[in-house]
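Below is one structure, written out as structure tokens; the observations come after it.
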Amino acid sequence: MLIESSAYASRWRDVAPSAKALFALTGLGAAWLARSPAAFAVLTAMLVLAALLGARVQLRSYIAVALPPLGFLLLSCLTMLVGPDSDGHWRITTAMLPTIEHTALRSTAMLAALLGLVLTTPMPDLLALLRKLRTPELLLDLMVLCYRMLFVMRQAWDESITAQTARLGYRNWRQAWRSTGLLAGQMAVQVWQRAAALQTAADARVYQGTLRFLPTAYPQAKRQLTTAALAGVVMLAIALGDRL
Amino acid sequence: MSAPLLELQAVSHVYPDGSNGLNDCTLTLQRGRRYALLGPNGAGKTTVLQHLNGLLRPTTGTLHYDGQPFDYSRQGLTNLRTRVGLVFQNPDRQLFSALVEEDVSFGPLNLGLHEYEVRHRVTAALDAVGLGGHARRAVHQLSFGQKKRVCIAGVLAMEPDVLLLDEPMAGLDAPMQIELTALLDRLAERGVTVLLSTHDIDFALRWADDIHVMAAGRCIASGPAQQLAAQTDVLHAAGQRPPAALALHAELVALGVLPHGPAPRSVDALLDTLRALKHTGVTTA
């Protein structure tokens, strides 16, 4: 939800998703090519600053979204510090330090590229981009329905929890377990009913077997793509210059 | 009079669970008129609307469309649903796209229209419901009233001849009800036939040309709004009290405040009549 609300609030909300995707993709490519810590630092700084200063993503939201993957990265790096020695005993070893450093820096730069995209592009725009890139219709239809149903079901879940709480459904552990069980059972029925209702509603609007939606128009797309491409070229140049 | 646009002839409907939805219901819609389908909860109003859009098929009886019995072929259903739009009561059960403009474009795209035409229709439909600036908002960020208007826009964008609305006023606050009524008036002026279900007799009398009354799955009476609203026995059978405007008017006539004559269709109109009396200096006993 935080990712989604940041994307809607971002200044780049109405920038063509193709331009933002190109920028993120070249960022990923540059992070893949770069070798030295300095190059990784520059790339990460560029990508993070683009999101924070360019797209005006709030620093607090950025950190909150970045923390879980960074935590995962930290855990992975820590496990690489432990390994068997020649006698087969497990111990802390520094042999992997260069690899750990490289992996951590590259992953961080790649994470920054990805966050730049998802924190500025709402899910519906990403889906529209995938549609443009000719992703199979069935997969997209499922994604659209899942996305919409996520909010519908969350609202239904929250309302039911409130209704149960109002009638002391969560007064103690025993009742809380019982209420949660009842709610889970009820949600199954609700999912079924809502799925049937959506099918009926789609039929009423001449549903023909595929969910067709109007693609959003981005009048500035060409200019934005050019800017993204130029920024991408700069990042790739930094990475390639690092290799040479 | 020309052939009715849509007609249910002695339609009964039994749901798969064995419950009776409709029982020998006959109901007619003429071109360009405003209809209210009046009845208490569970009277079968939604079932009637779903029959008129071809979503449900009569167990017995027939649906007539343009004077001909409807054939329920795939092409026939497409034609019917292109011309007869249905807005559901609960917006969360109708909206399934992530963005407002995507959802509104769903129907027109299903009609196979060109993208340019679809874009034009989406803009016009959103403007018509007062959501012109909300095209790119996510559906889940909208209020209940806004979602309801998106639902209406989604059907308007298909430019139907007949608009069916299931309890359109339910859950809307007073200003939004006034806005929606104005929108329905504009549509009716453009020649769109409108049928809406309601259990508000005052609104039905104020707004509709004709009223169809339902009770327990039966279509018990149909007729011009003012005549039907005066039939207390019919209203009583449908669990309705007499409209406030008529009851007040009758009392004021009995008191000698107002002369005998046709009753106004709303309390507001009645108040206007009383204020006019005050200005002319009429005094009462």
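The values are calculated or read from the model by the stated rules, or taken from the named source; none is laboratory data. Since this is a predicted model, take the numbers as computed values, not measurements. Positions of Cβ are generated from backbone atoms using ideal geometry, with glycine treated the same way; all protein chains shown enter the neighbour counts.
What are the residues in region A:103-134 that are under 17 Å from A:G232 (Cβ atoms), in a helix (DSSP H, G or I) and either of a type in the set (S, T, Y) or modelled with pLDDT of 90 or more (or both), if any?
A:A109, A:M110, A:A112, A:A113, A:L114, A:L115, A:G116, A:L117, listed by residue number.
Only residues that are among the hydrophobic types (A, V, I, L, M, F, W, C), free of Cβ contacts under 8 Å to residues at least 60 places away in the same chain and farther than 22 Å from A:A50 by Cβ: list them for region A:193-239, please.
A:A195, A:A196, A:A197, A:L198, A:A201, A:A202, A:A204, A:V206, A:L214, A:A217
Condition first: surrounded by fewer than 17 Cβ atoms within 10 Å (Cβ to Cβ), assigned to a helix (DSSP H, G or I) and either within 14 Å of another protein chain (Cβ to nearest Cβ) or in contact with a strand residue (DSSP E or B) (Cβ under 7 Å, 6 or more places away or on another chain) (or both). Can you find one or more residues in region A:158-171 that meet it?
yes
Just checking, which of A:A41, A:A45, A:A31 is without any contact (Cβ under 8 Å) to a residue 40 or more places away in the chain and part of a helix (DSSP H, G or I)?
A:A45
Looking at the structure I just gave you, is B:L37 among the hydrophobic types (A, V, I, L, M, F, W, C), within 14 Å of chain A (Cβ to nearest Cβ) and either touching a residue at least 60 places away in the same chain (Cβ under 8 Å) or in a loop (DSSP other than H, G, I, E, B) (or both)?
Answer is no for this residue.
Within region A:203-231, can you find the residues that are away from chain B (no Cβ under 14 Å) and either among the hydrophobic types (A, V, I, L, M, F, W, C) or in contact with a Gly (Cβ under 6 Å, 6 or more places away or on another chain) (or both)?
A:A221, A:L225, A:A228, A:A229, A:L230, A:A231
Could you please find all residues in region B:8-34 being away from every other protein chain (no Cβ under 14 Å), outside any strand (DSSP E or B) and out of contact with any Gly (no Cβ under 7 Å at 6 or more places or on another chain)?
Of everything in region B:8-34, those that are away from every other protein chain (no Cβ under 14 Å), outside any strand (DSSP E or B) and out of contact with any Gly (no Cβ under 7 Å at 6 or more places or on another chain) turn out to be B:G18, B:S19, B:Q30, B:R31, B:R33.
Working only within region B:140-162, note down all residues that are out of contact with any Phe, Trp or Tyr (no Cβ under 7 Å at 6 or more places or on another chain), surrounded by fewer than 23 Cβ atoms within 10 Å (Cβ to Cβ) and closer than 29 Å to A:A156 by Cα.
Result: B:Q141, B:L142, B:S143, B:F144, B:G145, B:Q146, B:K147.
Enumerate the helices (runs of 4 or more DSSP H) found wholly within region B:60-141, keeping only those where 1 or more residues are more than 8 Å from chain A (Cβ to nearest Cβ) and farther than 29 Å from B:V14 by Cβ.
The helices (runs of 4 or more DSSP H) meeting that bar are B:100-110, B:115-128.
Can you name the residue in region A:188-202 that is within 23 Å of B:A135 (Cα to Cα) and small (G, A, S) and, of all such residues, is nearest to the other protein chains (Cβ to nearest Cβ)?
It comes out as A:A201.
Only residues that are within 16 Å of the chain's Cα centre (by Cα) and not β-branched (V, I, T): list them for region A:23-54, please.
A:F23, A:A24, A:L25, A:G27, A:L28, A:L47, A:A51
Given the conditions (1) more than 19 Å from B:G54 (Cα to Cα); (2) modelled with pLDDT of 90 or more; (3) not acidic (D, E), report the number of the one that B:L156 does not fulfil.
Failed condition: (1).
Which residue pairs have Cβ atoms closer than 7 Å, lie 6 or more positions apart in sequence or on different chains, and pair a first residue in region B:113-131 that is under 13 Å from B:E101 (Cα atoms) with a second residue that is of a type in the set (V, I, T) and assigned to a loop (DSSP other than H, G, I, E, B)?
If the second residue must be of a type in the set (V, I, T) and assigned to a loop (DSSP other than H, G, I, E, B), no pairs are left.
For region A:69-102, give me each residue that is more than 24 Å from the chain's Cα centre (by Cα), of a type outside the set (D, E), surrounded by 10 or more Cβ atoms within 10 Å (Cβ to Cβ) and outside any strand (DSSP E or B).
A:L78, A:T79, A:M80, A:L81, A:T93, A:A95, A:M96, A:L97, A:T99, A:I100 - these are the residues of region A:69-102 that are more than 24 Å from the chain's Cα centre (by Cα), of a type outside the set (D, E), surrounded by 10 or more Cβ atoms within 10 Å (Cβ to Cβ) and outside any strand (DSSP E or B).
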